[in-house]
């Protein structure tokens, strides 16, 4: 039986790392090993060389398939789960202790027309009051420096109340919860506060 001829231009294989080697090359272009196995001559190579080339080829195939499967899984998972949910700093719920004469601040960006709703209730001592004031960024800087500042929205001091603030324009807003009692009173206030950022997209308004 005649042996089929082999095109001399056909690439061979490196006997060490198993990668394809150009026809006529004396060294592997990847690992530099000498004496590449010519095309069609792998069956004539020593048993150890044949085993190494076959195992190396199988490993490369496994790695390629593994990477493809991992990428497909990642893409499918991302498409299935959708974009990540990032908590807005103005969506909160917590208990806050506010010393006499001081305040607690919750701040975040609000897009013009969007709104923040919520509630506050003083819980210790029960029946004490809490004042809520909202400042835009410019007014907050004035307030922090002790200068007169115009609030964007406010609630007078009371034991509990509802928060409904609509941003007239996009800005960084500060929700300031203040203990209104004078320092000599020594009255600290503990309050439970909830806030929820709401987008006006698709809304017709709220009551």
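Against the definition (at pLDDT below 95, under 17 Å from residue 88 (Cβ atoms) and within 33 Å of the chain's Cα centre (by Cα)), how does residue 201 come out, yes or no? Yes: the conditions hold for residue 201.
Test residue 159 against the criterion of being surrounded by fewer than 16 Cβ atoms within 10 Å (Cβ to Cβ), in contact with a strand residue (DSSP E or B) (Cβ under 8 Å, 6 or more places away or on another chain) and either outside the structural domain of residue 189 (by TED's automatic domain parsing) or without any contact (Cβ under 8 Å) to a residue 60 or more places away in the chain (or both), and give yes or no. So residue 159 passes the test.
Please find, among 54, 50, the residue that is in contact with a helix residue (DSSP H, G or I) (Cβ under 7 Å, 6 or more places away or on another chain), over 23 Å from residue 197 (Cα atoms), modelled with pLDDT under 80 and not in a loop (DSSP other than H, G, I, E, B).
Values: 54 fails: in contact with a helix residue (DSSP H, G or I) (Cβ under 7 Å, 6 or more places away or on another chain).
Within the list 54, 50, the selection yields 50.
Does the stretch 124-146 include one or more residues that are surrounded by 14 or more Cβ atoms within 10 Å (Cβ to Cβ), touching a helix residue (DSSP H, G or I) at 6+ places or on another chain (Cβ under 6 Å) and over 20 Å from residue 193 (Cα atoms)? The answer is no; no qualifying residue exists.
Output the residues belonging to the stretch 168-182 that are farther than 30 Å from residue 200 by Cβ and surrounded by 11 or more Cβ atoms within 10 Å (Cβ to Cβ).
We begin by selecting, within the stretch 168-182, every residue farther than 30 Å from residue 200 by Cβ; these are 179-182.
Passing the criteria: 179, 180, 181.
With respect to residue 60, determine if the residue is modelled with pLDDT under 95, surrounded by 14 or more Cβ atoms within 10 Å (Cβ to Cβ) and either under 41 Å from the mean Cα position of the chain (by Cα) or part of a helix (DSSP H, G or I) (or both). It is false that residue 60 is modelled with pLDDT under 95, surrounded by 14 or more Cβ atoms within 10 Å (Cβ to Cβ) and either under 41 Å from the mean Cα position of the chain (by Cα) or part of a helix (DSSP H, G or I) (or both).
The values are calculated or read from the model by the stated rules, or taken from the named source; none is laboratory data. Worth saying up front: this structure is predicted, and the values here are computed from it rather than measured. Note that we place each Cβ from the backbone using ideal geometry, even for glycine, and neighbour counts take in every protein chain shown.
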